[in-house]
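Participant: Quick one: the structure is below, and I'll ask about it shortly.
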Amino acid sequence: ETEAVTRSWLIDNKTVKSLTEHWSAGIMAEVGSSSYRNLDFRASLKPAVEYNIFPYSQYNRRAFYIRYGLGYVYQNYADTTVYNKLEESLFEQSLDINLQVRQRWGYSEISLVASSFLHDFQKNYVGLRGNLNLRLFRGFSLSLFGNLAFIHNQIELPKGNRTTEEVYLRLRELETNYR
């Protein structure tokens, strides 16, 4: 009998302060670990600015915001990466464009997320996500979700080949350009 275990945890915090009815500033912080992604430890801290097309007073019903963050990322790897690193400090930028609508019929959200490392803009990620939750009648709803990502930022991939078990059981991340 074989046991397959992956371990991961993540603490993600976005603290935002409204400056006007449309502008806000804040900090995005993240700390985590993932055996699947070859990360013994990862921490990031990014100051950010956000512009909401709708006034923040309407945020519970609708929001259409653009958020830009720029900051520091530290990564400590479990195994040596394909770039011969065991740890590294990087600077990363991110852009999030998000539309959310909450009405009596349900909830809808679509977002475009992009990020890149500043040392190499070719190391980037672009993702599009959509979510629709329709209330059909009291106590019953239909949820639909879609996600498409173009991935070029897998700097944490470990050197060497994956075993057949690691591939079939999804124990380790594989190199890919999309998801």
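Participant: Report in % the part of the accessible area of segment 51-179 that belongs to carbon and sulfur, leaving out ligands and nucleic acids; probe 1.4 Å.
Facilitator: Working: 4700 of 8340 Å².
Answer for segment 51-179 is 56 percent, counting heavy atoms of protein chains only.
Participant: Mind running the shape call on segment 19-93? Use the C-alpha gyration tensor, a ≥ b ≥ c as the square roots of the eigenvalues: rounded below 1.5 for a/c, prolate if a/b tops b/c, oblate otherwise.
Facilitator: Working: a/c = 3.90, a/b = 2.82, b/c = 1.38.
Note, shape of segment 19-93 comes out prolate.
Participant: Can you give the FRET efficiency for residue 51 and residue 6, using 1/(1 + (r/R0)^6), R0 = 41 Å, r = Cβ-Cβ distance, to the nearest 0.05?
Facilitator: On the way: r = 38 Å, r/R0 = 0.93.
Efficiency, from the Cβ-Cβ distance: 0.60.
Participant: Another question, then. Taking the dipole about the Cα centre of segment 41-179, with the C-beta of Lys and Arg at +1 and of Asp and Glu at -1, give me whichever of 111, 48, 157 is farthest to the positive side.
Facilitator: So the residue we want is 111.
Participant: Another one. Once the Cβ-Cβ distance between residue 72 and residue 97 is put in as r, and R0 is 25 Å, what FRET efficiency do you end up with, to the nearest 0.05?
Facilitator: Working: r = 23 Å, r/R0 = 0.93.
Given R0 = 25 Å and the Cβ-Cβ separation, E is 0.60.
Participant: Could you give the dipole magnitude of segment 51-175 about its Cα centre, charging the beta-carbon of Lys and Arg +1 and that of Asp and Glu -1, in debye to the nearest 20?
Facilitator: On the way: 14 positive and 12 negative charges, 203 e Å.
Taking the Cα centre of segment 51-175 as origin, the dipole is about 980 debye.
Participant: Only loop residues by DSSP count here, and only those with at most 13 other Cβ atoms within 10 Å; note down the GluC sites (Glu not before Pro) in segment 1-42 that meet that. It would help to have the intermediate numbers written out before the result.
Facilitator: Values: sites: 1, 3, 21, 30; in loops: 1, 3, 21.
Within segment 1-42, the qualifying GluC sites (Glu not before Pro) (loop, at most 13 other Cβ atoms within 10 Å) are 1, 3, 21.
Participant: What are the radius of gyration and Dmax of segment 69-171, computed over its Cα atoms and given in Å?
Facilitator: 18.9, 56
Participant: On average, how much accessible surface per residue is there in segment 109-179, in Å², for a 1.4 Å probe, leaving out ligands, DNA and RNA?
Facilitator: On the way: 5040 Å² over 71 residues.
For segment 109-179, the per-residue accessible area is 71 Å².
Participant: Identify all lysines with a Cα-Cα distance to residue 14 below 25 Å; exclude those on the same chain that are fewer than 8 residues away in sequence.
Facilitator: Those lysines meeting the cut-off are 46, 123.
Participant: Only one of the values [x] 33, 23, 14; [y] 39, 15, 14; [z] 30, 19, 14 was calculated from this structure for semi-axes √(5λ) of the Cα gyration tensor in Å; name its label.
Facilitator: From the options [x] 33, 23, 14; [y] 39, 15, 14; [z] 30, 19, 14, the structure gives [x].
Participant: List the chymotrypsin sites (Phe, Trp or Tyr not before Pro) within segment 10-51 that fall in a DSSP loop (any state other than H, G, I, E or B) and whose Cβ has at most 16 other Cβ atoms within 10 Å.
Facilitator: Numbers: sites: 23, 36, 41, 51; in loops: 36.
Sparse-neighbourhood loop chymotrypsin sites (Phe, Trp or Tyr not before Pro): 36.
Participant: Take residue 33, project a point 7 Å from its Cα along the Cβ direction, then tell me which residues of segment 1-26 have their backbone nitrogen under 14 Å from it.
Facilitator: In segment 1-26, the label zone of residue 33 (backbone N under 14 Å from the point 7 Å along Cα→Cβ) covers 6-11.
Participant: May I pose another question? In Å², and per residue, what accessible area does segment 19-85 have when probed at 1.4 Å with the other protein chains present? The partial results should precede the final answer.
Facilitator: Details: 3450 Å² over 67 residues.
In whole numbers, segment 19-85 has 51 Å² accessible per residue.
The values are calculated or read from the model by the stated rules, or taken from the named source; none is laboratory data. Model, not experiment: these values are computed from the prediction. Cβ sites come from the backbone with ideal geometry, for glycine too, and all protein chains shown count toward neighbours. Ligands, DNA and RNA are excluded from the accessible area calculation, which covers all protein heavy atoms including side chains. Shrake-Rupley method; radii C 1.70, N 1.55, O 1.52, S 1.80 Å.
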